[in-house]
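The values are calculated or read from the model by the stated rules, or taken from the named source; none is laboratory data. Everything quoted here is computed from the prediction, not taken from an experiment. Heads up, the Cβs are rebuilt from the backbone with ideal geometry, glycines too, and the neighbour counts pull from every protein chain shown. Accessible surface areas use protein heavy atoms only, side chains included; no ligands, DNA or RNA. Shrake-Rupley method; radii C 1.70, N 1.55, O 1.52, S 1.80 Å.
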Amino acid sequence: MLEKVKEILGEFIDIDPDTITPESNLRTDIGLNSLDCVSLAEELENEYNIEIPNSELSKFKTIGDVISYIKSN
Amino acid sequence: MKKIDSQVYDLIPPQEMIQFMLKYSFFHKQVTQIPESIIVDKKIDFDIMTKALNIVIERNDCMRLRFFKKSGKIKQYFLDKFEVNNIPVLHFSSVDEQMKVLTADAQTPIKVFKDETFRIKFFTTSDNRYGIYLCVHHLVMDNAACLVFFNDLLAIYDHLKDGKPMPKPLGKYEDRIIKELEYISDKSNLEKEEKAYTEYITKNGDPMYLGVEGPKFLEAERKKKKDPTIMAPSLFDPIHDKAEFTKKALPEEEGKKVIEFMDKYGVSGECLIQLAMRLYLSKINGGYLDTYFITLCPRRRTLSEKRSGGTVTAPLPWRLTLKEDTTFMQALEQMAEIQVWAFRHMNYPYLEYRELQRKLFNYPAAAGSSTMMFSWFPLEENTMNNWNYEFVGYGIGRYVMVLYTFAMKDVKHNTIKITYQHRTKFVSVEDIDKFHAGTEKVLKICVENPDLTVKQILEKI
């Protein structure tokens, strides 16, 4: 799943995928802005056929948070 | 009419909003242009910069847009080639002179139907720095596109002057135009969004106008029409459009704390600054906790979109309804949720939303309930190709709405700058001075103690 997340991130942000880990902070390490976070969520929703409520999305801090949410839903 | 060999396109919804603004600015067409400068420490060879500029024009298709009117509608097409030469180079002996001359240009309408879409000037400052001034029509660029322009220009300059690598190609605005026209041609897209927006704006009843000038206009309108239930005063006035451009900045010590707070809690500038403004607004409007701004969204998702020119920004409704026992931190989370909702629905054309709102709340033609249009400019230290820079905006002297506020990091002084473009018939400089001071106070209190409740915050300010 981490690889899929990295692949999707590559569409929005110019980053070396090897630097992305589950501990990577979405904003400070990866450099996502608020719209990027929504774009990531929407792509993952389509990929995994899930819904990420807005209240949950705004709480994601790290890649790990995103992956945990997808796995548990 | 001259023969056009290129594909002709309709305007896309973000451009239609600009057309709407132009339509209702009877006398002062400069209301839809963006004048700004970057001032840099690095010495600029202006001949090389002119060469760089022409390369940018080749790469950045929005700079080759042309417009004409047909049957009352504006149409657009792209020129294949276009070159600029003899860019004026001005030498200013004082900041006052610089501001006076460039503001005069900012307030001169761009003749967008006579093949003028932007003006550029180079300049030197009284403190031996170098400047690039851009005044561009909003049909051609939004602010994000202006930043793309400056970044690309400096990167190409570095390539020409110092042999640094050429920057990657830019995305095409023409591709975006095609995509947006396809989106709106599918009526099911608009129907889906209309449903979502109807639910969003009616769930808490009619929004009420809260003024940075306090409740005087709403109270006056209620008295005049003998109707105490009016929620949106008529503040649209196409004649009295004189506007001031009031620039403020947080004191550096306070600004530094605000930036540290943003970094520590992962909070966006637009959520934090807006929330502080909304809380102060509630205070001066009888403690009413339901605030409503229109917030500009850059709408650039993919790497290609982020690296393209053009106008794609859209104003989105951000309505926040707070409770007295909500903490500042919780309110920030609510703001973030509203932001997410708005971004998920950012493709619904603003003019459609505006019409929907008027229909749902039965507004008369000139009425509106949004306090302001707000925009956060995402300026960082590396925004201008890693050059040290200062960003300067200029007032256009006239405006179509009561208040447009934009905020950004002042990277030179490590603080937050907030600029208010306001129609002085409704919002005076004194109103802005008080409103800004109140916003600063809220920020100071809440950054120091984000666990304060809304009730506690309103009592302290």
_Go through (1) at pLDDT 90 or above; (2) closer than 30 Å to residue B:124 by Cα; (3) open to solvent by 10 Å² or more (accessible area, probe 1.4 Å) for residue B:381 and report which single condition fails._
(1)
*Those residues that are exposed (fewer than 11 other Cβ atoms within 10 Å of the Cβ) and hydroxyl-bearing (Ser, Thr, Tyr), I need them from region B:85-117; list them, please.*
B:93
_Meets criteria (surrounded by 19 or more Cβ atoms within 10 Å (Cβ to Cβ), of a type outside the set (A, V, I, L, M) and assigned to a loop (DSSP other than H, G, I, E, B)) for residue B:405_ = no
*If only one of B:291, B:311, B:295 is polar (S, T, N, Q), closer than 30 Å to residue B:181 by Cβ and away from chain A (no Cβ under 12 Å), which one is it?*
B:311
*asked:* Anything in region B:66-96 that is more than 23 Å from residue B:11 (Cβ to Cβ) and among the hydrophobic types (A, V, I, L, M, F, W, C)? List them, or say none.
replied: B:84, B:87, B:89, B:90, B:92, B:95
*Report, by residue number, each residue of region B:407-430 that is acidic (Asp, Glu) and either in the same structural domain as residue B:36 (by TED's automatic domain parsing) or touching a strand residue (DSSP E or B) at 6+ places or on another chain (Cβ under 8 Å) (or both).*
B:410
*asked:* From the list A:52, A:63, exactly one residue is farther than 16 Å from residue B:301 by Cα, touching a Ser or Thr at 6+ places or on another chain (Cβ under 8 Å) and crowded, with 18+ Cβ neighbours inside 10 Å. Which is it?
replied: A:63
*Before we move on, is residue B:43 farther than 30 Å from residue B:189 by Cβ and surrounded by fewer than 21 Cβ atoms within 10 Å (Cβ to Cβ)?*
yes
_Can you pull out every residue in region B:293-310 that is of a type in the set (A, V, I, L, M, F, W, C) and open to solvent by 50 Å² or more (accessible area, probe 1.4 Å)?_
B:303
*Quick one: in region A:17-36, which of the residues that are in a loop (DSSP other than H, G, I, E, B) and away from every other protein chain (no Cβ under 14 Å) is surrounded by the fewest Cβ atoms within 10 Å (Cβ to Cβ)?*
A:23
*Return only the number of the condition from (1) over 22 Å from residue B:357 (Cβ atoms); (2) outside any helix (DSSP H, G or I); (3) assigned by TED's automatic domain parsing to the domain that holds residue B:310; (4) under 23 Å from the mean Cα position of the chain (by Cα) that residue B:255 does not satisfy.*
(2)
